[in-house]
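Data first, discussion second: the structure below is written as structure tokens.
The values are calculated or read from the model by the stated rules, or taken from the named source; none is laboratory data. Source: prediction; values computed, not measured. Backbone-built Cβ (ideal geometry, glycine too); neighbour counts: all protein chains shown.
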């Protein structure tokens, strides 16, 4: 995925322009990272279905009168989530969940403006480094697509269920991580390019670095399924699950393939296995990196990734055992995004100068 991103043109662009574009992209990276945390809070507080309407242009303003608050509350009371989980909720209680979803959507609009306006300015003033314009245009399209995917996900919760589809949640989160990876790859190329004299790492280490990135990404997707099914609340012991390493209900659904996506116990088990696999691949990469002739920056990137993955494992176990408290769960999401970003840096460094 990210190995195809071009680094061409950074050296040929005026330094000031390349740095300005890089700092702008870094700000966008930070906003997308923050969006992941806001999205996690929105999901954990079950606020995502509180805004029934999708108004991309005029929806940036919250209800400004009691009559408007009552109108949006009446719309929410027609949803299946209200009927199944929140029947009898007061208007004040509704406001507490409404605000998180409102902030989530408002922050998404802010990301769009912070990306689009400088992009067209840099484009008009010809300050975009050679080879970057097409990538920035693709990012603009992906950002718009992500907004559509977000609404597509929310709509799934309005039909005979009290939660959004775990499949659509996984697509929404996966797209967010794709956008973050793309932004970060370009940012590193502009603000911290690999030195000209830095050779590529041995092929085996480069492949392991790519495996780290891939395994982390699919672990994140498996975590989205856990979140979508609230599977983190089912088995809260570790390292066993209800006294067994493999849960007894792992094959409860038919046809069998449904268990991987719709069986809470199986989905949690899969996420645990993916976490173990991530730790194993990252540590294998670290071990091989100790024996390989690597540049200091490449070695540093692998060391940082290895340390972060251990932190993330600790956060995951703590979140599980303590039954998904909000602060720890948000930190776990932040740890996933940080590990993912570090894997991008690892791949960038291991490729050497291009």
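It is to be established whether one or more residues within the stretch 311-332 are farther than 25 Å from residue 177 by Cα, assigned to a helix (DSSP H, G or I), out of contact with any helix residue (DSSP H, G or I) (no Cβ under 8 Å at 6 or more places or on another chain) and not assigned by TED's automatic domain parsing to the domain that holds residue 168. Yes, there is a match, as at least one residue in the stretch 311-332 is farther than 25 Å from residue 177 by Cα, assigned to a helix (DSSP H, G or I), out of contact with any helix residue (DSSP H, G or I) (no Cβ under 8 Å at 6 or more places or on another chain) and not assigned by TED's automatic domain parsing to the domain that holds residue 168.
Among the residues making up the stretch 158-191, those that are over 17 Å from the mean Cα position of the chain (by Cα), surrounded by fewer than 20 Cβ atoms within 10 Å (Cβ to Cβ) and either without any contact (Cβ under 8 Å) to a residue 24 or more places away in the chain or part of a helix (DSSP H, G or I) (or both) are 158, 191. Is it the case that some residue within the stretch 156-178 is modelled with pLDDT of 95 or more and more than 21 Å from residue 48 (Cα to Cα)? The answer is yes, given that some residue of the stretch 156-178 is modelled with pLDDT of 95 or more and more than 21 Å from residue 48 (Cα to Cα).
Inclusion of residue 298 among residues that are part of a helix (DSSP H, G or I) and either in contact with a strand residue (DSSP E or B) (Cβ under 7 Å, 6 or more places away or on another chain) or more than 24 Å from residue 224 (Cβ to Cβ) (or both) is warranted. Have a look at 211, 257, 238 and point out the one that is outside any loop (DSSP other than H, G, I, E, B), more than 21 Å from residue 338 (Cα to Cα) and not assigned by TED's automatic domain parsing to the domain that holds residue 164. After applying the criteria, what remains is 257. Checking the structure you have, find out if any residue of the stretch 67-89 is free of Cβ contacts under 8 Å to residues at least 24 places away in the same chain, under 21 Å from the mean Cα position of the chain (by Cα) and within 23 Å of residue 38 (Cα to Cα). Within the stretch 67-89, none of the residues are free of Cβ contacts under 8 Å to residues at least 24 places away in the same chain, under 21 Å from the mean Cα position of the chain (by Cα) and within 23 Å of residue 38 (Cα to Cα).
Of note, residue 97 satisfies the criterion of being in a helix (DSSP H, G or I), surrounded by 19 or more Cβ atoms within 10 Å (Cβ to Cβ) and touching a residue at least 12 places away in the same chain (Cβ under 8 Å).
Among the residues of the stretch 286-299, those identified as surrounded by 14 or more Cβ atoms within 10 Å (Cβ to Cβ) and touching a residue at least 12 places away in the same chain (Cβ under 8 Å) are 286, 288, 289, 292, 294, 295, 297, 298. The lone criterion from (1) over 30 Å from residue 86 (Cβ atoms); (2) touching a helix residue (DSSP H, G or I) at 6+ places or on another chain (Cβ under 7 Å) left unmet by residue 124 is number (2). With the structure loaded, tell me whether residue 201 is buried (at least 18 other Cβ atoms within 10 Å of the Cβ), within 28 Å of residue 290 (Cβ to Cβ) and at pLDDT below 95 or whether it fails that test. Criteria met by residue 201. Would you check if residue 277 is in a helix (DSSP H, G or I), under 28 Å from the mean Cα position of the chain (by Cα) and surrounded by fewer than 17 Cβ atoms within 10 Å (Cβ to Cβ)? Yes: the conditions hold for residue 277. Considering 228, 223, the condition of being in a helix (DSSP H, G or I), crowded, with 21+ Cβ neighbours inside 10 Å and at pLDDT below 95 is satisfied by 228 alone. One residue stands out in the stretch 300-331 among those that are under 14 Å from the mean Cα position of the chain (by Cα) and touching a residue at least 40 places away in the same chain (Cβ under 8 Å): the one that is surrounded by the fewest Cβ atoms within 10 Å (Cβ to Cβ), namely 330.
The sole residue among 113, 139, 123 that is in a helix (DSSP H, G or I) and either exposed (fewer than 13 other Cβ atoms within 10 Å of the Cβ) or at positive phi (or both) is 113.
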